[in-house]
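Data block below; observations after.
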Amino acid sequence: FIFFLVPCLCCPAYQKQSLLHFKSSLLNSYNTSNSSSFGLESWDSISDCCKWTRVVCSSHSRDIIALHLDDLCMDGSKSSMNVRVLDPIYGIRSLRFLNISRTLIEGEISGEGLANLTKLIYLDMSQNFLNGSIPAQLFQLQFLQSLDLSDNSLKDGLSREIGKLEDLRSLKLDRNSIDGNIPVQIGNLTRLQQFSISHNKFLGRIPESILNLKELEKLD
């Protein structure tokens, strides 16, 4: 009877299954079963996923709040993997921190996937092979404080919707192929401390609204 009264101190089962699905897709992308090549040998069906490497859980709810999935590529391999490998991750709605930089992921960022991660504070998808435009759903993540999409192949303009991310402290879009004007709404990001958009295809004037960024420490 006491057993049933004690709350489970494990991560939620559906979140664990999402990560196992991600791991399976990752290994299939490289046609391997050797999870130690990615540092994921602790990810199994028996143990608590809060104790896995690269995973951080809330000490209260035991929900997964952070995933450090950077550098998830096999040593010596230069082959990319499809961006759809991330689909299971987008089901973990409790995420606040997501780092998937340097994973050789190729394709367009899933707007529908990002729309689920409404609690996200930190998002790093840099140094991949992401293409297409920045999805509109990303600008709905109102708690976002750090966004790094640098070193990809993103194109099209930077939407005026960027002005909705008023909590942003760091915005890095450098080394892409983003074109058009820098939107005036960039001046809404008054908490911005780092703003880097070098090595793109922007045109026209730098908007005067950039003078609203009183906390800016780095501008490139």
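A few notes on this one:
- Qualifying strands (runs of 3 or more DSSP E) (wholly inside the stretch 141-182; at least 1 residues being open to solvent by 30 Å² or more (accessible area, probe 1.4 Å) and over 23 Å from Ile121 (Cα atoms)): 153-157, 177-180
- Look at (1) part of a loop (DSSP other than H, G, I, E, B); (2) modelled with pLDDT of 95 or more; (3) crowded, with 21+ Cβ neighbours inside 10 Å; (4) within 13 Å of the chain's Cα centre (by Cα) and you find that Leu192 fails only one, number (4).
- Being surrounded by fewer than 17 Cβ atoms within 10 Å (Cβ to Cβ) and not in a helix (DSSP H, G or I) is true of Ser47.
- Hits in the stretch 83-131 - residues which are assigned to a loop (DSSP other than H, G, I, E, B), of a type in the set (A, V, I, L, M, F, W, C) and at pLDDT 95 or above: Ile92, Leu95, Ile100, Ile109, Leu117, Leu120, Ile121, Met125
- Of all residues in the stretch 91-115, those satisfying the criterion of being under 21 Å from Arg54 (Cα atoms), open to solvent by 10 Å² or more (accessible area, probe 1.4 Å) and free of Cβ contacts under 8 Å to residues at least 60 places away in the same chain are Arg93, Arg96, Phe97, Asn99, Arg102, Leu104.
- Given (1) touching a Gly at 6+ places or on another chain (Cβ under 6 Å); (2) surrounded by 17 or more Cβ atoms within 10 Å (Cβ to Cβ); (3) in a loop (DSSP other than H, G, I, E, B), index of the condition Gln137 fails: (3)
- Scope the stretch 196-217; condition farther than 12 Å from Arg175 by Cα, open to solvent by less than 100 Å² (accessible area, probe 1.4 Å) and not in a helix (DSSP H, G or I); matching residues: Gly204, Pro207, Leu213, Glu215, Leu216
The values are calculated or read from the model by the stated rules, or taken from the named source; none is laboratory data. On a predicted model such as this, the values are computed, not experimentally measured, just so you know. Heads up, the Cβs are rebuilt from the backbone with ideal geometry, glycines too, and the neighbour counts pull from every protein chain shown. Protein only, heavy atoms only, side chains kept; ligands, DNA and RNA dropped before computing areas. Shrake-Rupley method; radii C 1.70, N 1.55, O 1.52, S 1.80 Å.
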